[in-house]
Structure formats: structure tokens, C-alpha cells
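Enquirer: For reference, the structure I am asking about is given below.
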Ligand SMILES: [Zn+2]
């Protein structure tokens with residue numbers, strides 16, 4: 001059988017389904033690809049665009065995309081006029097209606113060099129309702145030879161009317177075995193770690209929690225050191241959250257959080273992972289993702305208390321989502337600190 005999208009790890013069933021549709025000429029005109037950051041949405045979108053325009057498309061038996069023809073190479077290099085990617089402008093929190101209108105006009109121009117014009121909209125959940133409605137018009141009557149691919153970490157924020165006109169593909173998280181195999185085959189740093197510090201490689205794979213992009217970023221040495229020191233900061237914060245803990249201790253631990261957005265997002269994810277561990281460890285023997293010691297995890301969880309853990313989880317998850325949306329980083333940390341601060345004179349539960 002023909003091999004489809006071999007650059008994308010895992011997701012065998014999805015790859016076969018979309019690949020076969022391309023082969024049979026029954027390609028949907030719009031997709032919504034959902035999955036966590038690092039789950040391969042962008043990679044799959046590129047692979048679809050490449051397969052549609054690959055010069056080896058008609059050759060039975062060759063992989064699709066072939067990866068070596070002129071079109072494939074130019075798409076991978078980002079030099080192909082008929083594949084366009086729309087991202088949120090850096091200085092905005094949303095994708096407004098204007099860029100969508102421009103995209104729509106472009107869709108009605110004829111293709112300049114290919115059979116298919118592919119439009120990828122990254123973080124599609126950030127489109128304003130007005131922008132989504134503008135897109136809806138083109139989804140209702142798409143021009144021939146146009147494929148629209150929406151990428152989203154939060155598919156539930158996309159209007160139902162849009163969702164009813166696109167094919168939804170949920171990317172699965174990668175298994176630890178798949179990730180280990182992939183990293184060892186692709187990354188010199190992964191091979192070095194597996195020889196010199198196998199524990200660290202395993203810690204990276206575990207904290208990436210099924211997101212390959214995350215694992216690759218953590219492979220970068222500086223980041224993996226940051227991850228180590230990040231773990232310490234997170235533990236300090238959790239200890240400060242114990243019943244009877246003081247605001248001053250929490251404030252001091254929170255001020256060790258990184259001030260760079262990308263690193264702060266990572267640190268907040270570590271806190272979320274740690275809280276999930278503590279909630280789960282109470283009820284199950286499932287594998288822990290943050291804690292290396294189950295005993296420490298259970299003890300700390302007891303000392304904070306489940307109800308409070310749930311509240312803290314909500315507050316951190318909310319901060320994590322703001323952090324990805326360009327909120328001011330130092331305000332975000334102080335607001336979060338105020339929200340999760342220990343209650344000194346806790347009312348007794350009635
Ligand atoms: Zn090709």
C-alpha cells in the first residue's frame with residue numbers, strides 16, 4: 001500500500017483516510033485539524049498541501065508526498081505561491097476580519113502554478129466572530145481547486161456553522177515509545193542524552209506529554225536545563241501552597257517564574273501537570289508525569305487538599321490561556337499569585 005505523509009509521526013488511520021481521499025480525487029475542500037501544541041497539526045497541513053501538488057501524485061506505489069520533486073521541495077522551503085499560511089499578527093490578540101477578506105479575494109484568483117491552492121489558518125480559534133463569518137461565506141461556496149485548512153488547539157471555540165462545513169480531524173497524542181524512537185532517529189541531542197543521561201531523556205519525554213514539538217524544544221540543551229530549574233520552581237510554588245503556607249513564601253516562589261512568555265507558558269504547563277498528578281495519584285496507580293516520587297506527590301496533594309487543588313488548577317489553566325494570548329506577563333503572574341494565595345483564616349466547611 002502507498003505510504004502517506006511519512007513525515008508526520010503516528011496518526012496512521014488519519015493519514016490513510018486523507019491520503020486515500022487525495023488519491024481518489026475526493027478531497028474535502030476544508031479541514032479543521034485539532035490537537036495540542038506540538039501534536040503535528042502544522043506538519044499535517046503542510047503534508048496535505050504538498051501531497052495535493054506533488055508531481056509524483058499519479059505514480060502508484062511511490063510515497064505521497066514524494067518529498068523530492070520540485071513542488072515538494074519548494075513547499076517545504078516555503079517558496080510556493082499557492083500555499084499560504086495565515087497567522088495571528090504578533091501585535092494583536094485575535095485574527096480580525098480584514099486578513100480573512102484578503103484571503104477570500106485571493107482564493108478567487110486563479111492558481112498561478114498548481115492544481116490546488118491551499119490556505120492554512122493557524123490558531124483558527126483566535127478568529128473574531130466577524131472573521132469567522134467572513135470565512136463562512138467562502139466555505140459555503142468554495143472556489144474550485146481551493147483547500148482551506150484550519151488549525152486549532154481549541155476546536156470548541158470555532159463556530160458550529162463553520163464546523164458543519166469542514167472535515168474535523170483530531171490528531172492523537174504520540175505514545176512515549178513513538179516519541180523516543182523518533183527523537184533518537186532525528187536528534188543528536190537525544191542520542192547524547194540516551195548515552196550520558198538517560199533519566200533526563202525520559203524526563204523530557206514524560207513532561208512533553210505526547211507533544212512531539214514540545215519534546216523537540218526541550219531537546220534544545222538550554223531549554224532542557226530551563227526545564228530542570230523550572231521543576232525546582234514549580235516544587236517551591238506547590239510547597240508554598242500547602243495549608244498554613246504564607247503569602248510571602250508563595251510570592252517569593254512565584255517571582256522565580258520565567259518572565260519570557262514562551263518559558264512561562266512551559267512553566268505553567270508544568271504546574272498544571274503537577275496538579276493533575278496530585279489529583280490522580282489520590283485515586284489511581286496511573287503513571288505520574290511531573291513527580292518522580294509517588295510518595296511526595298501524594299503527601300503534597302494531601303497537604304494542599306483536593307478542593308483547593310481544583311481551584312488552583314482552574315486559575316493556572318486560565319493564566320496559561322491568557323499567557324498564550326499576549327497578556328502582560330508580570331501582571332499575569334501577580335494576578336495569579338493573588339488568586340491562588342493561601343487563605344489564612346479559612347472558614348470551616350459548613
Ligand atoms: Zn513530490
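Enquirer: Just want the ordering: 20, 34, 81, from fewest to most Cβ atoms lying within 10 Å of their own Cβ.
Expert: 81, 20, 34
Enquirer: Mind pulling the angle between the C-alpha long axis of helix 12-23 and the longest principal axis of the chain? Nearest 10 degrees, somewhere in 0 to 90.
Expert: Here the helix axis deviates by roughly 20 degrees.
Enquirer: Still on this structure: Give me the angle, in degrees from 0 to 90, between the Cα long axis of helix 176-186 and the longest principal axis of the Cα atoms of the chain, rounded to the nearest 10.
Expert: The angle comes out near 60 degrees.
Enquirer: Here is a further query. Determine the principal axes of the Cα atoms in segment 175-219, then give the extent along each, sorted from largest to smallest and rounded to whole angstroms.
Expert: The Cα atoms of segment 175-219 stretch 23, 18, 18 Å along the principal axes, largest first.
Enquirer: Which of 150, 250 has the fewest other C-beta atoms within 10 Å, and how do the rest follow up to the most?
Expert: By the 10 Å Cβ count, ascending: 250, 150.
Enquirer: Which residues does the label zone of residue 325 cover in segment 105-125, counting backbone N under 18 Å from a point 7 Å along Cα→Cβ?
Expert: Residues 122-125 fall inside that zone.
Enquirer: Can you give the extra length, in nm with one decimal, that the chain gains between residue 318 and residue 243 once fully stretched, where that is 0.36 nm per residue apart less the Cα-Cα distance?
Expert: 24.8 nm
Enquirer: Would you kindly state how much longer the chain becomes between residue 87 and residue 262 on full extension, computed as 0.36 nm times their sequence separation minus their alpha carbon distance, in nm to one decimal?
Expert: 61.3 nm
Enquirer: Sticking with this structure for a sec: Can you compute the FRET efficiency between residue 188 and residue 285 using 1/(1 + (r/R0)^6), with r the Cβ-Cβ distance and R0 = 25 Å? Round to the nearest 0.05.
Expert: That pair, residue 188 with residue 285, gives E of 0.10.
Readers should treat all values here as calculations from the given coordinates under stated rules, not as data from a laboratory. As the structure is a computational prediction, the values presented were derived from the model and not from experiment. With ideal geometry, Cβ positions are generated from the backbone for all residues, glycine too; neighbour counts draw on all protein chains shown.
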